[in-house]
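A.B. asks: A single structure is presented below for examination.
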Amino acid sequence: MKNMLWKKRGLTFKQSFYTLAATALIFIPVVVFVCLTTGRIMFDDTRKIAEGITEAKANELDQSFLLAMSFADQTALMLEKGHYSFKELKAVLNASMDGMHRVRGIYACSVAFSPGAFKPDKKYFMTYVYRQNGILTTTQLGSKDYNYFEYDWFKVPHDTGQAAWSKPYYDRGGGEILMTTYSTPFYKNIDGHKLFQGVVTIDISLTWLSKVISSMKLFPSGTAFIVSRSGRFIAHTNKSMIMKSNLLENAKKQGDKLFIKNVKNILAGGKGFFPRYSPMLGKDIWACHTPLKTTKWSLAVAFPDKELFAGLVEMEIKVIIMALAGFILLFWVVLIITVRVTRPLKQLTEAVGQIADGNFSASVPQISSKDEIGVLSRAFDSMQHSLAEYIENLATTTAAKEKIESELNIARDIQLKILPDSEVFPKYREFTLAAFIESARAVGGDLYDFFFIDDNRLCLVVGDVSGKGVPAALFMSATCKLLRGIASPSVSAGKLMTKLSKGMGYNNDMMMFVTCFLAILDIKTGEIEYTNAGHNPPYLIEAGREPVEITERHGPPLAISEVEYSSSTLTMLPGDTLMIYTDGVNEAMNSSHEQFGNKKLATVLQAHNQASPQQYIDEIKFALDKFTAGFEQSDDITMLAISYHGK
């Protein structure tokens, strides 16, 4: 019942329904995709921003710490190179503090000597310079109440011989503030022994660290902190946490294994970005952390999940509202367009049905609009007349094409009959020959010929006319006729080639040319006189030996110059074979446009050494067919092989 009702619906309703249904199927995934993609992009951007800010702030702090360390190391180096009085020592420390006035966070510097190092009768001697309200103040520290020998900042360099940052501490009796100290040892070389003299220190205020990280909030309720390797908060946007709480202990109390793992990664100096529920804040948070390379502390920034995705939620609501508004607007647009389009389409459908039935005189509705429907109406009207003309012309064209193909086939037969047939050539005991030609088109421009000039001298020729098709075939035919007309017993191979070139060049307005190899074999002696006019070098195949290319050339291709051609000679022994071919053989290509090449041709000839001329040709044809694997032949292929047997 439902199917029947649906079938009765008009095209307007169906087109509107399908269009809107398809639009909904597209809109919903797009909206979901946009929301998910935007959320991921916003999350990635926020993560990159957090990591960038954290990394930048860590680098800024490391730079301050590195500068402080550099001043301390330089001062220690100065103390190792000379002995300073108290006045000079005070001046050195004041100069160091003046030099470090641009390094934020440095509170004080000092030189603490080991017992008797400054003066033999002095157990304690520590010169301490600090900045208070912008004014440098110098004081002497060291007593039973301030036994700095027991402090970590003195003991660690003394015991290890290495510079080190101390754990954060409250300096009672000294700076009277929360601080951390960098201390580096210095030595004296006495009687060839390196003796510990004391340490140079730089004090960093933890209050300054808290001010620095307070500027790092990414969101209104975000927080930032610095923890030591033990997990103690060194700096925090919440001052009540400093030196009074431990991040690792808090994680263990909550019992969340993943959180404990992330905290251990923070304390181990790793980098990371991870989510976490904060019982202290009562909300989900994200944390980003990176190590401070100088002090081996870690800097972290945390911000609430809701604040991170607040912009995303707002954007998703706007996207949904815009999608609904767009869907409603699209509904009305589709409805109006569908009504406008379907009315003339119905008329066109009826007319096209009549034309499809063969009624080319059927009336096509004339729609005057210039939109696609109007264009379609005029196109159908034009098609109606064009179809009638096409069917009428098709019969004429088909008949003409069949006539041309028939004439080309006749021309091919005539061309092949011009060439001698080695199978019906008179049989001679002195030699055996075979020839093969295959055109790339119906007719081609390759040629071969063989005939006796006198009783003992056999003329052999293979040529390749420039171009293909009918012009090349006509030029090839003229070449063969001219060659036989000018050949005579008294003419050498070079002279014969010269006469042929001049005769072909006469009235050669199309500038066609022929590459040609011509040889005259004395069948009694086996001597060959040959000349090469720009043609492929033939192969001489001696029994039991590798094929040898006859590479000597005696001039350019025929019909393009007045050059006098010379000739060369060689002697064939019984069992030797001469293989002459055109470039359609070695330049045959496969589907990868790779050429068959002379190397493969020589390999085929070597593999069938002492074969008959026809066998050589058959094996080369087989190798070419296998190599090209049915790929379209691009050039004419011609081969002529002659084996000499002697008396």
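No value in this document is a laboratory result; all are computed from the given coordinates. The structure displayed is predicted, hence computed values, not measured ones. So basically every Cβ, Gly included, is an ideal-geometry build from the backbone, and we count neighbours across all protein chains shown.
A.B. asks: If I stretch the segment between ILE49 and LYS621 completely, what's the gain in nm (0.36 nm per residue apart, minus their alpha carbon distance), one decimal? Walk me through the numbers on the way to the answer.
C.D. replies: On the way: separation 572, 0.36 × 572 = 205.92 nm, distance 7.08 nm.
Additional length available on full extension: 198.8 nm.
A.B. asks: Be a star and scan the range 472-503 for residues whose amide nitrogen sits under 19 Å from the point 7 Å along the Cα-to-Cβ vector of THR525.
C.D. replies: Under cut-off, by backbone N: 488-496.
A.B. asks: To continue, here is another question. For a quick check: sort CYS459, CYS288 by the number of other beta carbons within 10 angstrom, fewest at the front. It would help to have the intermediate numbers written out before the result.
C.D. replies: Values: CYS459 20, CYS288 25.
Listing CYS459, CYS288 from fewest to most nearby Cβ atoms yields CYS459, CYS288.
A.B. asks: Can you put ARG429, ARG229 in order, fewest other beta carbons within 10 Å first?
C.D. replies: Working: ARG429 9, ARG229 16.
Going from least to most buried by this count: ARG429, ARG229.
A.B. asks: Along the charge dipole of the range 419-644, Cβ charges K/R +1 and D/E -1, which of ASN590, THR432, THR603 sits furthest on the positive end?
C.D. replies: Of ASN590, THR432, THR603, it is THR432.
A.B. asks: Ok, one more. I'd like the distance between the alpha-carbon centres of the range 61-135 and the range 231-300, rounded to an integer number of Å.
C.D. replies: Between the Cα centre of the range 61-135 and that of the range 231-300, the gap is 34 Å.
A.B. asks: If you count, for each residue, the other Cβ atoms within 10 Å and average over each peptide, how do 52-64, 510-522, 617-629 line up from highest to lowest? Don't skip to the end; give the middle numbers.
C.D. replies: Working: 52-64: 17.0, 510-522: 22.2, 617-629: 15.5.
So the peptides 52-64, 510-522, 617-629, ranked by packing, come out 510-522, 52-64, 617-629.
A.B. asks: For a label point 7 Å from the Cα of TYR428 along Cα→C-beta, name the residues of the range 487-506 whose backbone N is under 17 Å from it.
C.D. replies: In the range 487-506, the label zone of TYR428 (backbone N under 17 Å from the point 7 Å along Cα→Cβ) covers 487-493.
A.B. asks: So, one more: Full-extension gain between LEU570 and ASN507, please, as 0.36 nm times their residue separation minus the C-alpha to C-alpha distance.
C.D. replies: Roughly 19.1 nm would be gained on extension.
A.B. asks: What does the extension gain come out to for PHE17 and ASN59, with contour length at 0.36 nm per residue minus their alpha carbon separation? Please list the in-between numbers first.
C.D. replies: Working: separation 42, 0.36 × 42 = 15.12 nm, distance 6.13 nm.
This chain segment gains 9.0 nm when fully extended.
A.B. asks: Mind giving me the FRET efficiency for LYS252 and THR38? R0 is 35 Å, r the Cβ-Cβ distance, nearest 0.05 is fine. If you can, show how the numbers build up before the last one.
C.D. replies: Details: r = 38 Å, r/R0 = 1.08.
Working from the Cβ atoms, E equals 0.40.
A.B. asks: If we count other beta carbons within 10 Å of each Cβ, what is the order of THR603, THR349, THR294, THR46, fewest first?
C.D. replies: Values: THR603 14, THR349 11, THR294 18, THR46 21.
The fewest-first ordering by Cβ neighbours comes to THR349, THR603, THR294, THR46.
A.B. asks: Assign one of three labels to the range 209-306, namely rounded, prolate or oblate, based on the Cα gyration tensor with a ≥ b ≥ c the square roots of its eigenvalues; rounded applies when a/c is under 1.5, prolate when it is not and a/b is larger than b/c, and oblate otherwise. Display every interim value, and only then the final one.
C.D. replies: Numbers: a/c = 1.33, a/b = 1.04, b/c = 1.27.
Cα axes put the range 209-306 in the rounded bin.
A.B. asks: Compute the Rg/Rh shape ratio of the range 419-644: radius of gyration over Kirkwood radius, all on alpha-carbon atoms.
C.D. replies: On the way: Rg = 16.7 Å, Rh = 17.7 Å.
With Rh from the inverse mean 1/r over Cα pairs, Rg/Rh is 0.94.
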